[in-house]
Every structure is written in structure tokens, then in C-alpha cells.
């Protein structure tokens, strides 16, 4: 029996819709934005694989408008969902990015059938969706390019906005990656659909990205799960490069939108699950 859901990630809403007060001034823009990315026949379930946008209250407006279309919305945290992009945000969340994510989880609870997954599984119409944001672990650079963890950590501080805009968390980035992996470990076996922001398979990295140490900050090593993926779908994002391929008996799909310079013309992707 075939059952489906819709998928997108890396929405980065505040790049598409200007942040304005009062909120009602943004609603027509958000409605237009949604209409620009909707497929012709939306399904009942929408999966958002991380990176909604930088402002929770704007993100909640998006979720509420999407709920006019979708019966269920499932999402996980992306790296940008931890960002504190202004001094005001740092004060608001007391310099702790985790407080912003916790607030967004609570805002999602206010909307019926919106589930912010963080190491748990939701079953809808017989399909089990398991999700966690996960985190990159620098494994690509160490395993594929021979860099030391120390060299990659130095590069990360030099080039990644994550190092500047995520507060009170990534001074222990390796510990955080391990914590996220434990959550993933707890859901992989029972999930029909796995949702993460960071991808666990780097086999499709192409061109110059293969030799770039920065690729280390866009994947984690999910190889310990590859033998458990038969007939599953793994949804991810983060790279802003769309993928849809089969490997290890699993369908891997990246349906990222990306920034306006990248995502114009891209729409929500529709996925079938065979049960």
C-alpha cells in the first residue's frame, strides 16, 4: 500500500518574507510565499527537515498558515533554528540558543497536530515518522580527507556562522553531536521515515566539495545505521543541494528550498512510502 507525505527543508523564511510589525502586515507575503512552493495536490502530512527561519514568532505564523493546507506538520531543528542573530535575541534568550529552540517547540504545541520531533516517533496513518535534528561530527574531513579533529575545529571557528551565532552550546560541539546521535539510535529501527537536518550519508558529494574540509560541517557519519535502512525513507537538508537517490535499501531525499538566490522555482517535494 502506498502512502505519501510532502517534504521541504531549509526554508529560511526571513530571507523570503521581510520581518515586520505588526504581524498582520506579513501575512499576505507569507501566503504568497506558501503558494509559490506548494505542489499541485498537497498531501495530508508535511515534513520540514530543519531551518525554518531566525525569528520564532515569524516561524509560528508560517506554521499556522501551512496548517490551513496540511492536517499534520512534523519538523526537526536545523542549525539556523539555534541562531541568535541580534543583540536583542541574545538578551531575550539569555545568551542560550537552546532556549530559542525550546520556545519554538512550545509555540508548535499551540497548533494542533504540529509535532517538533527530538528523538521521538509519531505514527500517522500507519507510517512511523522518527526525527531529530542531529549534528555534524567532522567525520567527513577525518575519514575522507585525513584532517585531525583539531584542524577541523579551527577551520570551523574560522568559516562557519554556527560558531558565532549559536550561543551557549557549541563550545561542547562534539558532546552535542554525541547526544544527538543517541537520540537517532533510539528511533532508527522503528521508523519508516527518518527525519534529520544534517545528512548521514556523504556518498553523493561531488566535484570540489569532495576535497573541501568545509564539507565536514554538512554531514555526520551515519554508517552504523546503513544495515538497518531497508525500505525506509531518510529525509534531510542542510546542504541546499537537492538529492533523491537509493542507497543501502533506503531512499534518501533532500528537498531543501534554500535562499532566494538558490531556491526560486523550487517547490515542496512529494514522497511515497510503501507499507
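The values are calculated or read from the model by the stated rules, or taken from the named source; none is laboratory data. What you are looking at is a predicted structure, and each value in this text was computed from that prediction instead of being measured. Note: ideal-geometry Cβ built from the backbone for every residue, glycine included; neighbour counts use all protein chains shown.
Any residue that is closer than 30 Å to residue 86 by Cβ, in a strand (DSSP E or B) and either at pLDDT 95 or above or within 17 Å of the chain's Cα centre (by Cα) (or both) - is there at least one of those in region 212-229?
Yes - at least one qualifying residue is present in region 212-229.
Select from region 241-269 the residues that are assigned to a loop (DSSP other than H, G, I, E, B), in contact with a strand residue (DSSP E or B) (Cβ under 7 Å, 6 or more places away or on another chain) and surrounded by fewer than 19 Cβ atoms within 10 Å (Cβ to Cβ) and list them in ascending order.
241, 242 - these are the residues of region 241-269 that are assigned to a loop (DSSP other than H, G, I, E, B), in contact with a strand residue (DSSP E or B) (Cβ under 7 Å, 6 or more places away or on another chain) and surrounded by fewer than 19 Cβ atoms within 10 Å (Cβ to Cβ).
Take region 66-88 and flag every residue that is out of contact with any strand residue (DSSP E or B) (no Cβ under 8 Å at 6 or more places or on another chain) and either surrounded by 16 or more Cβ atoms within 10 Å (Cβ to Cβ) or touching a residue at least 40 places away in the same chain (Cβ under 8 Å) (or both).
Pass one, region 66-88, residues out of contact with any strand residue (DSSP E or B) (no Cβ under 8 Å at 6 or more places or on another chain): 68, 80-81, 85-88.
Within region 66-88, 80, 81, 85 meet the criteria.
Only one residue in 136, 140 is in contact with a strand residue (DSSP E or B) (Cβ under 8 Å, 6 or more places away or on another chain), under 27 Å from residue 247 (Cβ atoms) and assigned to a helix (DSSP H, G or I), so which one is that?
140
Among the candidates 34, 11, 63, single out the residue that is in contact (Cβ under 8 Å) with a residue 12 or more places away in the chain, in contact with a strand residue (DSSP E or B) (Cβ under 8 Å, 6 or more places away or on another chain) and assigned to a helix (DSSP H, G or I). Write out each step before concluding.
Values: 34 fails: in contact with a strand residue (DSSP E or B) (Cβ under 8 Å, 6 or more places away or on another chain); 11 fails: assigned to a helix (DSSP H, G or I).
Answer to the selection: 63.
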